[in-house]
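Engineer: Structure provided below as structure tokens; questions to follow.
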Amino acid sequence: HAADAHRTDLMTITRFVLNEQSKHPESRGDFTILLNHIVLGCKFVCSAVNKAGLAKLIGLAGETNVQGEEQKKLDVLSNEVFVKALVSSGRTSILVSEEDEEAIFVEPSKRGKYCVVFDPLDGSSNIDCGVSIGTIFGIYVVKDGIEPALHDVLQPGKNMVAAGYCMYGSSCTFVLSTGTGVHGFTLDPSLGEFILTHPDIQIPKKGKIYSVNEGNAKNWDGPTAKYVEKCKYPTDGSSPKSLRYIGSMVADVHRTLLYGGIFLYPADKKSPNGKLRVLYEVFPMSFLMEQAGGQSFTGKERALDLVPNKIHERSPIFLGSYDDVEEIKTLYAAEG
Ligand code: AHG
Ligand code: MN
Ligand code: MN
Ligand code: MN
């Protein structure tokens, strides 16, 4: 009855992480507790997003965030949910959120050994039209030292111990890596549990899709313009790539992870560092891509090698199938 086994042997995300934890006998289960609180936040946001239209949760919150963006009601609500869930876990010392100008230092009595950087709601511009949006997070361990300080979160992405996202789309999908591959879980609303549905996701070595906002083409630099030109008018006799751009990073990256291809948010004349934020968009997605056999490049270096100086710093990003990113690296190297 192997076929039925999966129906009775439910591999929930909690069991999955406990299995991982059992490989580290010295661990006291702190990570499992932290992850459970992140999962709780995602379940709450999933339900709020699904009810947004009905619960008058669409539209603007009337505030502007440090990014200079008008905050949506769901941006603010999601941020509050995650900050509260993470602080109450008792396993974090510093939080960095896209929606908070300053890093949040957790009060001493509730401190733990982790720092969490997160984008509580990614793709906010798509909320009101019902297109998939998501939450992105990355987890560092605080450097040993008495008081937590900003240097604990201004670490290169390669120091992350875990990263993931939750996509609120036709189904609620949680994708996670703790450094041993990438695994996808789907929320079963009747159980309120995330069930393992995509074990050990491997991104195809090469893809047929490129994903970029062509509306910025006028301002691109040479190598980006050349690469996109090659996607549309291949010179090696291969067929042109397809363009797929949703405008929600979580949705564009999830498709890239499963189908292959390349996602680009390049620098342009207006934004020399591109648009995506290093700590809670570029690093977590780059961590996942490398863990799935792909790669991620900033136009200058491996994305995970970047050392951020500010918590809301931005960087250009080219991530996805190994061979596709290799091509753009060659074009940037040729530019010298
Ligand atoms: P956020 O909604 O968290 O501010 O992020 C939006 C980002 C990202 O989701 C997406 O890839 C990008 O903005 C789209 O930007 P453009 O609309 O400029 O293409
Ligand atoms: Mn935003
Ligand atoms: Mn975002
Ligand atoms: Mn956001």
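Engineer: Please tell me the relative contact order of the chain in percent, rounded to the nearest whole number, where contacts are Cα pairs under 8 Å and at least six residues apart.
Structural biologist: 15 percent
Engineer: So for the chain, taking the charge dipole from beta-carbon charges (+1 Lys/Arg, -1 Asp/Glu), which of Ala48, Gly261, Phe283 sits furthest toward the positive end?
Structural biologist: The listed residue farthest towards the positive side: Gly261.
Engineer: For the stretch 188-259, what is the largest minus smallest coordinate of the Cα atoms on each principal axis, given in angstrom and ordered from greatest to least?
Structural biologist: 50, 27, 16
Engineer: What does the charge dipole of the stretch 262-336 about its Cα centre add up to, to the nearest 20 debye, if the Cβ of each Lys and Arg holds +1 and the Cβ of each Asp and Glu holds -1?
Structural biologist: Computed charge dipole of the stretch 262-336: roughly 460 debye.
Engineer: Could you compute the FRET efficiency for Ser170 and Ala333, with r as their C-beta to C-beta distance and R0 at 30 Å, rounded to 0.05?
Structural biologist: The computed FRET efficiency comes out at 0.15.
Engineer: Where in the stretch 213-241 is the amide nitrogen less than 16 Å from a point lying 7 Å along the Cα-to-Cβ axis of Cys129?
Structural biologist: 213-216
Engineer: Determine one quarter of the surface area of the Cα convex hull of the chain, which equals its mean projected area, and express it in nm² to one decimal.
Structural biologist: 18.9 nm²
Engineer: Sticking with this one: Please list 126-136, 194-204 highest first by mean number of surrounding beta-carbon atoms within 10 Å per residue.
Structural biologist: In descending order of packing, they fall as 126-136, 194-204.
Engineer: Take the Cα of Asn50, step 7 Å along the line toward its Cβ, and report every residue of the stretch 149-178 whose backbone nitrogen sits under 20 Å from that point.
Structural biologist: Hits in the stretch 149-178 for Asn50 at 20 Å: 165-176.
Engineer: Can you give the calculated 222 nm mean residue ellipticity of the chain, where each DSSP H run of n ≥ 4 adds -39,500 (n - 2.57) and the sum is split over every residue, rounded to the nearest 500 deg cm²/dmol?
Structural biologist: Helices in the chain give a 222 nm mean residue ellipticity of -9500 deg cm²/dmol.
Engineer: Moving on. Sort by residue number and report every cysteine in the chain with no other cysteine beta carbon within a distance under 4.7 Å.
Structural biologist: Cys115, Cys129, Cys231
Engineer: Which whole-number percent is the relative contact order of the stretch 61-105 (Cα, under 8 Å, 6+ apart)?
Structural biologist: It rounds to 35 percent for the stretch 61-105.
Engineer: Hey, how much of the P(r) for the stretch 15-136 falls beyond 21 Å, as a percent of Cα pairs?
Structural biologist: 44 percent
Engineer: Something else about it: Sort 250-263, 275-288, 294-307 by the packing proxy (mean of other Cβ within 10 Å over each peptide's residues), most packed first.
Structural biologist: In descending order of packing, they fall as 275-288, 250-263, 294-307.
Engineer: Quick check: Cα centre of the stretch 70-127 to Cα centre of the stretch 171-199, how many Å?
Structural biologist: First find each Cα centre; the distance between them is then 21 Å.
Engineer: Assign unit charges at the C-beta atoms only (+1 for Lys and Arg, -1 for Asp and Glu), then state the dipole size of the chain relative to its Cα centre in Debye, rounded to the nearest 20.
Structural biologist: 420 debye
Engineer: Counting pairs of Cα atoms in the stretch 287-336, how many percent are more than 18 Å apart?
Structural biologist: The share of Cα pairs beyond 18 Å in the stretch 287-336 comes to 31 percent.
Engineer: Highest mean first, how do 169-179, 325-335 rank when packing is the count of other Cβ atoms within 10 Å averaged over residues?
Structural biologist: 169-179, 325-335
Engineer: Right, here's the next one. How big is the charge dipole of the stretch 66-119 about its Cα centre, in debye rounded to the nearest 20, if each Lys and Arg gets +1 on its Cβ and each Asp and Glu gets -1 on its Cβ?
Structural biologist: 540 debye
Engineer: Using Stokes-Einstein with the Kirkwood hydrodynamic radius over Cα pairs, what translational diffusion coefficient do you get for the stretch 245-336 at 20 °C and a viscosity of 1.002 mPa s, in µm²/s rounded to a whole number?
Structural biologist: 164 µm²/s
The numbers here are math on the coordinates, done by the rules we state, and not lab data. No experiment lies behind these values; they were computed from the predicted model shown. Ideal geometry is used to build each Cβ from the backbone, glycine not excepted, and the neighbour counts take in all protein chains shown.
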